[in-house]
Amino acid sequence: AGEVEGLAATEIGDAVHALLEADPEPAAVSGDMAGAEEVSAFLAGRYALVGPEDADRVAALVAAWRASPLAARLGGLSGVRKELPFAFEHDDVLLHGRFDLFWREGREALVVDYKTNRLEGATPGEIVAREYGLQRLVYALAALRGGVQSVEVAFVFLERPDDVVT
């Protein structure tokens with residue numbers, strides 16, 4: 001059996017995260033990395049089986065983030081960190097991961113998680129409630145254990161970046 005051409009959903013997510021991490025600012029609108037031609041070159045250098053529509057999808061998701069209200073909000077804040085690692089122990093279990101974006105000022109924090117899932121008719125709120133409750137809790141606990149008193153955890157599905165779930 002031959003291999004199927006095209007990126008897996010996890011690879012699409014990985015590519016979008018890598019491109020957004022490379023942006024100079026959380027809400028970067030400059031640069032040409034969101035163009036399909038540049039994205040095609042990036043994908044070809046990173047993955048073995050790139051399909052004909054993969055670059056368009058990745059470029060569209062990156063562009064959706066860049067144009068989103070949440071990206072604009074973060075663009076106005078100083079000290080936003082990308083791919084910030086965290087680790088803490090809870091009930092003898094080590095929990096660790098990375099925040100896609102993390103901002104903190106004083107005792108307040110904002111955690112942003114990009115989602116590249118296909119919504120397939122569901123709302124972002126339905127998907128978060130069904131699939132991401134534990135992730136939301138871990139992110140909140142990580143931030144709270146880091147010394148903040150208040151944390152907003154925001155999931156932004158890049159197919160509908162205006163419908164942020166917090």
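The values are calculated or read from the model by the stated rules, or taken from the named source; none is laboratory data. Remember, predicted model here, so these are calculated numbers, not experimental data. As a convention, Cβ positions derive from the backbone with ideal geometry for all residues, glycine included, and neighbour counts pool all protein chains shown. Surface accessibility is based on the protein's heavy atoms, side chains included, excluding ligands, DNA and RNA. Shrake-Rupley method; radii C 1.70, N 1.55, O 1.52, S 1.80 Å.
For the chain, what does the helix formula give at 222 nm: sum of -39500 (n - 2.57) over DSSP H segments with n ≥ 4, over the residue count, nearest 500 deg cm²/dmol? Before the final figure, lay out each step's value.
Values: 6 runs with 66 residues, N = 166.
Mean residue ellipticity at 222 nm (helix-derived): -12000 deg cm²/dmol.
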Problem set entry | Under the Karplus curve 6.51 cos²θ - 1.76 cosθ + 1.60, θ = phi - 60°, whole-Hz ³J(HN,Hα) for region 59-66, x wherever Gly or Pro sits | 4, 5, 5, 5, 5, 4, 4, 4
Seminar exercise, completed: Taking protein heavy atoms only, a 1.4 Å probe, and rounding to whole percent, the accessible area of the chain owed to carbon and sulfur comes out at 50 percent
Exercise. So for the chain: antiparallel DSSP bridges make up what percent, rounded to the nearest 5?
Worked result: 65 percent
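Quick one: dipole size for the chain, taken about the Cα centre, charges +1 on Lys/Arg Cβ and -1 on Asp/Glu Cβ, in debye to the nearest 20. Don't jump to the answer; show the numbers that get you there.
Working: 15 positive and 28 negative charges, 126 e Å.
Its charge dipole is roughly 600 debye.
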For this session: Take every Cα-Cα distance within the chain, group them into 10 Å bins from 0 onward, and report for each bin the whole-number percent of pairs it holds.
Result: 10, 36, 35, 16, 3, 0
